1. From the set of residues in segment 55-79 that are of a type in the set (D, E, K, R) and surrounded by 10 or more Cβ atoms within 10 Å (Cβ to Cβ), which is farthest from the chain's Cα centre (by Cα)?
2. Name the residue that is farthest from T20 (Cα to Cα), counting only residues in segment 83-93 that are surrounded by 13 or more Cβ atoms within 10 Å (Cβ to Cβ) and free of Cβ contacts under 8 Å to residues at least 60 places away in the same chain.
3. If I119 satisfies every condition in (1) in contact with a helix residue (DSSP H, G or I) (Cβ under 6 Å, 6 or more places away or on another chain); (2) at pLDDT below 90; (3) open to solvent by less than 80 Å² (accessible area, probe 1.4 Å) but one, which is the exception?
4. Please find, among S104, S108, S27, S23, the residue that is open to solvent by less than 40 Å² (accessible area, probe 1.4 Å), more than 19 Å from I148 (Cα to Cα) and free of Cβ contacts under 8 Å to residues at least 24 places away in the same chain.
5. Determine which member of the set V133, V88 is at pLDDT 90 or above, of a type in the set (A, V, I, L, M, F, W, C), part of a helix (DSSP H, G or I) and under 30 Å from G39 (Cβ atoms).
6. Looking at I66, I58, can you tell me which residue is part of a helix (DSSP H, G or I) and within 24 Å of V130 (Cα to Cα)?
7. Only one of (1) assigned to a helix (DSSP H, G or I); (2) modelled with pLDDT of 85 or more is not met by Q111, so which one is it?
8. Please state which one of L98, L16 is at pLDDT 95 or above, open to solvent by less than 80 Å² (accessible area, probe 1.4 Å), in contact with a Pro (Cβ under 7 Å, 6 or more places away or on another chain) and not small (G, A, S).
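The values are calculated or read from the model by the stated rules, or taken from the named source; none is laboratory data. Predicted model, so just to flag it, every value in this text is computed and none were measured. Cβ coordinates were reconstructed from backbone atoms using ideal geometry, including for glycine residues, and neighbour counts include every protein chain displayed. With ligands, DNA and RNA removed, areas are computed over all heavy atoms of the protein, side chains included. Shrake-Rupley method; radii C 1.70, N 1.55, O 1.52, S 1.80 Å.
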Amino acid sequence: MWKHYDTFEEWLAVALLFLTAASILFSATTRAMGNPMLGGAELAQLFFIWACMFGADITLKKGGQIRVDALLTRLPRSGKWLANLVTVGLMIVFLACLARYGFSLAFSNWQRPLGFAGISYGYVTLALPVGAVMMIVSLVRRLAAVGIVQALEPDSDQQEQLL
């Protein structure tokens, strides 16, 4: 099941990035032709924030998040375990706060229109809490798959790409 979910998420992220570029291109082209498309920038904003959230989740699943490990590499295994436990715990707490307050923000913005696009601004603000929940699930999945010591390390195929 997770393999299908991960594949769908990657395709959706690429599609949303494509839609971002297409809406900007279409909006700029129609503006240059003298008949501007109203709401093109707002739609690009909507597609881009969702693409960013899916991309952040995909990166987290593969252990590609930013980390400074100069000190961590010098610690013994028990020190790495404790440091990663604290880090992952703080990440989950932060993401849970984003989800909790983000859903409140999204629902409070539901009546607000998104510029000329004519859709609710709630769709834009909903990306943050949904992305946070997806990242919590990805962190828990990663912990279950590789353990706490390797949870924040990049996947082996990603390490080869970095070298």
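1. D69
2. A83
3. With respect to (1) in contact with a helix residue (DSSP H, G or I) (Cβ under 6 Å, 6 or more places away or on another chain); (2) at pLDDT below 90; (3) open to solvent by less than 80 Å² (accessible area, probe 1.4 Å), I119 is out only on (1).
4. S27
5. After applying the criteria, what remains is V133.
6. Sole residue among the options that is part of a helix (DSSP H, G or I) and within 24 Å of V130 (Cα to Cα): I58.
7. (1)
8. One residue alone meets the criteria, L98.
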